[in-house]
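Below is one structure, written out as structure tokens, with a few remarks after it.
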Amino acid sequence: MKTQLSNIKGVVVDRSTWINPLLYGLVFITLVFQSLPSFAGDKYCQRGPSTKTYDIHIYGNTYKDANAKRQMAQGLTDLFHSVAVGDRVKVYNHNATGYNLSMDQCVPGCPQMTFMENLFSTTCSFEVAKRDRKVFNQRFGEAAMSEINRDNSSYDIFKAIQDLNDVYKGERTNNVVAVAISMIPDGINPTDPNAFNKFYVTNVPNLNISLEFPPICTVGTSPNSEVLKFWREVFAIKHAKFDFKPCNKD
């Protein structure tokens, strides 16, 4: 391939000498700007024996009842209040088609310092951290409620459970895994034993799912005895351990 040349006012210019550096410069600038959000979100991450990573899985589409939605929102609020500065929060939004990681950020805030230490600190600005925490709180609220079932749309509770399994694929994790899910099959009255019996006979014997969960806690899961009984039988058949312990209980 011949090098392209231009002759401007008698000056011969070899384009290959300036086009390539220009492209490299544009690529470099693009990569820098792409990395800025990640850097801004990670600068508050801390490592230590007391810091945690929270995997928060939200199945807003499994909540149709208004009271159940309020319980889910309250449970997520209580869980959110338990996270500390430097903890990492990952929010997975699940819906009828799958799931996506909608938030992955550490909780903004400065380490505890005296007033004078804060004035002369060059590593953390209290005012900047306060502003970033406000944005962080807003992002979490939006992520928590983004997939809430507002149009009474249908869902497959077994697919929802399989999606949770697929995030981890049997791998161990030390993260706090919190799952906001109703656990009520679509269209089933959770107080009607006969409805659960019919649903069980129709769907469970030929159920083709593979389940292996890490230790979890639940948010806004129906406390109804028929719901718990149904799932304990399903998980027993599939040899899976699913802890119904609420996240706000020790």
## Note on the structure
If amide H atoms are modeled at 1.01 Å from N in the peptide plane, then the residues at a separation of 5 or more from Lys52, or on another chain, having amide H under 5 Å from its own are Asp87, Arg88
### Message
For the pairs Lys64/Lys159; Lys229/Lys249; Lys64/Lys134, flag any whose C-alpha to C-alpha distance is greater than 27 Å.
### Response
Lys64/Lys134
#### Entry: Total formal charge among the other residues, if their Cβ is under 11 angstrom from that of Lys64, Lys/Arg +1 and Asp/Glu -1
-1
### Task
Within region 200-250, report the trypsin sites (Lys or Arg not before Pro) that DSSP leaves as loop and that have at most 13 other Cβ atoms within 10 Å.
Lys241, Lys249
### Query
Amide H of Thr218: which non-local residues (sequence gap of 5 or more, or other chain) have their own amide H closer than 5 Å, using H built in the peptide plane?
Val179, Lys245, Cys247
### Task
Using a/c under 1.5 as the rounded threshold, could you call region 53-237 rounded, prolate or oblate? The axes a ≥ b ≥ c are square roots of the C-alpha gyration tensor eigenvalues, and prolate needs a/b larger than b/c, oblate otherwise.
prolate
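Taken together, the values in this text are just the output of simple stated rules run on the coordinates, not laboratory data. These numbers come from a predicted model, not from an experiment. In this analysis, Cβ positions are derived from the backbone assuming ideal geometry, glycine residues included, and neighbour counts consider all displayed protein chains.
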